[in-house]
Structures are given as C-alpha cells and as structure tokens.
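Just so it is clear, none of the values below were taken in a lab; they were calculated from the coordinates. Just so we're clear, the structure is a prediction, and the values are computed from it rather than from any experiment. Neighbour counts run over all protein chains shown; Cβ positions are idealised from the backbone, glycine included.
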Amino acid sequence: MRTAGMLAVLLCAAAAAHAARAADAVADALALARQLVTAHPRNADILSIGTSRGGASIDCLRISRDLAKASGQPALLMVGGLDGSRPGTVTIAVECAKRLLADPEKLDGVTLLIIPCANPDAFHASAVQAPELSLRNARPIDEDRDGRIDEDPPCDINGDGVITMMRRLAPPAETPPTHLPDPADPRLMRTPDPARDVRATCTLHVEGLDKDGDLQVAEDSVGGVDVDRNFPHMWKEFDRTAGEMPLSEPESLALARFVTERPSIYAALVLGRWDNLLRIPDHKPRESSGRFPAFVEEADRPLLEELARRWKVASGQKRSAECDPAGSFALWMYAHRGILSIATQAWGCPDAPPLPEGTPAPPSDAPKPQDEDGAEWLLWMDRSTQEGAFIPWKAFEHPTLGPVEIGGFTPRARSEPPSAELARLGGAAADFTAQLIAGCPKPRLTNIRTRTLAPGLTDIDAEIVNDGWLPTAPAMGRNSRRASPVVVSLSVPKAQVQSGQRVNIVDGLGGAGGRKSLHWIVQTSPGEPIHIDLRWRPQRTLRTTVVDGAVTVRDEVLP
C-alpha cells in the first residue's frame, strides 16, 4: 500500500512531468503543421506574420481547397496559443487543420488562416513555473516599481517540481489573515464571514521567497506582458501586465497588422482564455465614451446563442472559467474591426464520472464549498484519477513567513485538457469550423427587373441578398460603422441617374437571406452598358450588366 508521503512524491513528479510535456507538445504541433504543408502542397502553405519578443517566428498556416485561389476568397481566421496556460490550443488548431485537409471539399470557397501559436515565448519558459508566468511574453517588467527587474519571481521552494500556492498559518497583525481552509473541503480556500463567525486564519501567496528584502513574496516575476491584454479595446492603462501601451508588443502588433492587411477576413475563432459562447457577456456595460457596448451588442446575442449551441454539440463542453476580456484579441476584433469574433476556451471542467456501484453517495445536506468551481474540478479529478493535478497541502518552514503549507492546483490543471482529449477537441474544432465556412456570408444581386420607360430610359429594380447563414457584419460592426459594408454602384455618371443613388452603401445584411431593395431610373445612349457592381471587401466584386433594358451578364467575378 502506498503511504501518504510516497503518494505526494508521485503526485508531484506527475505534475512536473505534465508541465515539462507542454513545451514539447507545442513543438510537436508546430512540426506537424509543417508536415501538413509538405503533404498537401496544393492546399496549404505557411506564412510568417512576425517575430516574438524572444525572437521566435509567429507563423500562419493557410489552407484552401485550391491554394492558387486562396488570396481572392473570403477568409476565416483561427488563433491559438495566445497564452501559455493553454498549450493544448496549439495542438487543437493544428489537429483542426489536419482534419480539414483530409476532406478539402469542406474548404470550398473560403480560405482558412490558422495562427496556431500567437505567443511562442510563453511556451519557451521553464516547464516549472507559476500559473501567471505562463501567460506572458519575454519582455522584462519592473512589477513592484523598485528600479530592479524580475528580481523576485515565484520559485519552487520545497523542491517538488512545481510552483503552487502557500498559505501562511500565523500571519502577524500588520498582515492580517484573509482566508481559511473551507470546512466543506479543506483543500479549497474561502473568505471569512464574520456574521456567521467564520474567521480567517491565513494569508495566501504564490510559492516563493522574499529575494529582494522588501517584505513581499514573489511579487516581481520574470517577464512579461500578457499579449492577450495588450489590444486596444478596454485596454487597462494601469495594469503592468497589459503593456506600456496598446499594441506595444511585437506579438500583438503582428496580429493587428495581419488582420488590418487582410480585409478578406469575415469571422474569427479564437481558442484562448476568454469565452463568449458558454458565457455570453452582458450587453449593458458601456465602453469609456458610452456610445457602444463594452463587450457585446444585444442584437448579436441570438447569433452567439446559436453558435454556442453548435459548439456544445460539436465539443461536448458544458462549462468554462470566468475571464475578464479587457484588452483581448477577440474583443478587439469584434469591437474595433467589426468582425464576428467567436472565443472559446475549448475545454472546461467535465462532468465527474459516477461513483462505483455500491459506493455510498455523500449526504444531501453536506455543506457546499464556497469555491464551487474548484469543488467541481476536485470532484472530477478525484473520480477520474487525474494524478498531479492537485498537490496536497504540506507543512513547510518558510525562511521569512514562518510556518506555511504549500499545495493546491498545479499550473494548467484547470485550463489544459488531458493529452488524450486533444485529438477529439481538434475534431470538434474542425466540425465547428466547417460550419463557419459553410455559413460564410454570400451577398449577391438578385431579382433584377428591368423595363424601358422611353428610348434610352431604363427602370431597374433589384435586391441584394445574403445567401450565407452568417451576417455580413455583426450588429456591433454595423452600429459602429467599422465593419466592411456592402456597396452597390452604377458605372454610369451621376448625371445619368435620374432616380435612386448611384452608390448605395449597406452597413450589413443579416444572415440566411437578409436583403435590401434597390431602385434606379437610368438614362443611357443606345448600346451603352450599365454595370452594376456589388462590392464586399471579403469577396471579389460581382458585376451585373444591363444593356438597352435587358440583363446581359449576371454575377461576373471581377479580378
């Protein structure tokens, strides 16, 4: 039988081994991306979009049914690897590409742009690191503003191979206790409740030392800026990890440039920390000017709810963690670029397996832990034997804090799926992406009716219709005028347009048949063509031609 000490050692070794595998898994996924390009030269290539602060290339895997036509098609963007807490998103993104390349017909008419690892520096750090360190890039930051940089990072002081948390058991009066082990499950922490005489007994700290002698523990980490908080929308000026200014980091700037230089992008799927599917944001908070919603336009909620339903069916995901999206890439795409931006964590706490037959169920009146999310994770970890995911609290004599206990959830334990799940999630991402490709907006001119009112005077009625399931722009983009509009223009001079607008600008068309009526009366010379051009930046211009009151060409694709 294993003793408690032997079990703790085995658990710690498993946690360290899991963390060490993360960087290797990312490298393997990126190597697989290059192998896919070699195996599918007509359908895939790799573009370098920039270089990280640490000098690593940030690459984009471009795939299409016919690569020769890729640059002239609407594009769907997928981004993973924005922070090191989710290395699995890199594997999921590449696995998605692999599945779709195996069935290239699903890519018909759309180019898929996959940036599997947008923040490569986050995966090149030590495998043994504090949870918050894995989010960032390699830029040094003086977090405690003492004139020294990165001098007091978290560290593995008990030598168990992983950085977790410390609870100080007898804090002095100048640093009064703030937490206590939850009586419902002492592995979890809770805040006090004086009204019920629930008293705090300890303070919580990241595992580490006071290396710079300022009476603070592990307050100046190694690096860096959290790339997924460095984008302009809702950027937090006084958050040191958000960067000195929006887009101050090479990784975020490379992504922003990549997007702005490609008006063909009609939607984005971001695998990362934020989730706007299982946790659709509240539409009421406003951004600083008060003109627009901070997180989501109310009119976009039905679309997000349908996308959430489809993602749940594809992935089986039921839960996701809370996350402040301020300064995130996905939120910037939606709010500043007017592009439909779908964000998912790809994996959340699964349902715990049922108890073995004959095992007594816990009493129904058993107290509930305050940390409900943590309790759900522990229940799943306990019943599915996830070794190394939680380190039991163990006494330790800290050189400056005195008696402490070290333990808790290991880095990535609640953000990174088991390796056995990654292929399945890659398949789910491929299924969901195929639906986004099939639903690509397709605005075109239809129901064109012409009649000659008099010699050289033609009456034209037409409709713009969106044959795609997705809208040409989300409500946020339409209201802010930041999305690509649908523009219908006549080739004849303005003086010849007797009725109607020579240029019609439509902010957006709803999905699944959204339409807009147009009408003109145009004066022309005999044989003079009237070209009606429909332009929507993600797709090539479509031209319909009317000559002497008759439609001679429909939907001609212009270069």
C-alpha long axis of helix 250-260 to longest principal axis of the chain, angle in °: 20 degrees
Checking the cross-link filter: which lysines have an alpha carbon closer than 18 Å to that of K516, excluding same-chain neighbours under 8 positions apart? K442
Name the residues whose placed amide hydrogens come within less than 5 Å of the amide hydrogen of L269, ignoring near sequence neighbours (fewer than 5 apart) on the same chain. L77, M78, V79, I342
Length released on extending from R424 to A550, taking residue separation times 0.36 nm less the Cα-Cα span: 39.9 nm
Determine the sum of side-chain charges near T545: Lys and Arg each +1, Asp and Glu each -1, restricted to other residues whose C-beta is under 13 angstrom from that of T545. -3
Sort R515, R540 so that the residue with the fewest other Cβ atoms within 10 Å of its own Cβ comes first and the one with the most comes last. R515, R540
Putting +1 on Lys and Arg Cβ atoms and -1 on Asp and Glu Cβ atoms, find which of G55, Y334, A413 reaches farthest to the positive end of the dipole of the chain. Y334
Here the FRET efficiency for R196 versus K394, based on Cβ atoms and R0 = 22 Å and rounded to 0.05, is 0.15
How much length would be gained if the chain were fully extended between S499 and E305, taking 0.36 nm per residue of separation minus their Cα-Cα distance, in nm to one decimal? 65.7 nm
Between [x] 28.0, 100; [y] 23.5, 74; [z] 22.2, 65, which entry matches Rg and Dmax of the Cα atoms in Å as derived from the coordinates of this structure? [x]
Under the rule of at least 5 residues apart or a separate chain, name every residue whose amide H is placed under 5 Å from the amide H of L277. A343
Rounded to the nearest 0.05, FRET efficiency between H124 and S384 (Cβ-Cβ, R0 25 Å) equals 0.25
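On a full-extension model of 0.36 nm per residue, what is the gain between R240 and L209, subtracting their alpha-carbon distance, rounded to one decimal in nm?
The span from R240 to L209 would gain 9.0 nm if fully extended.
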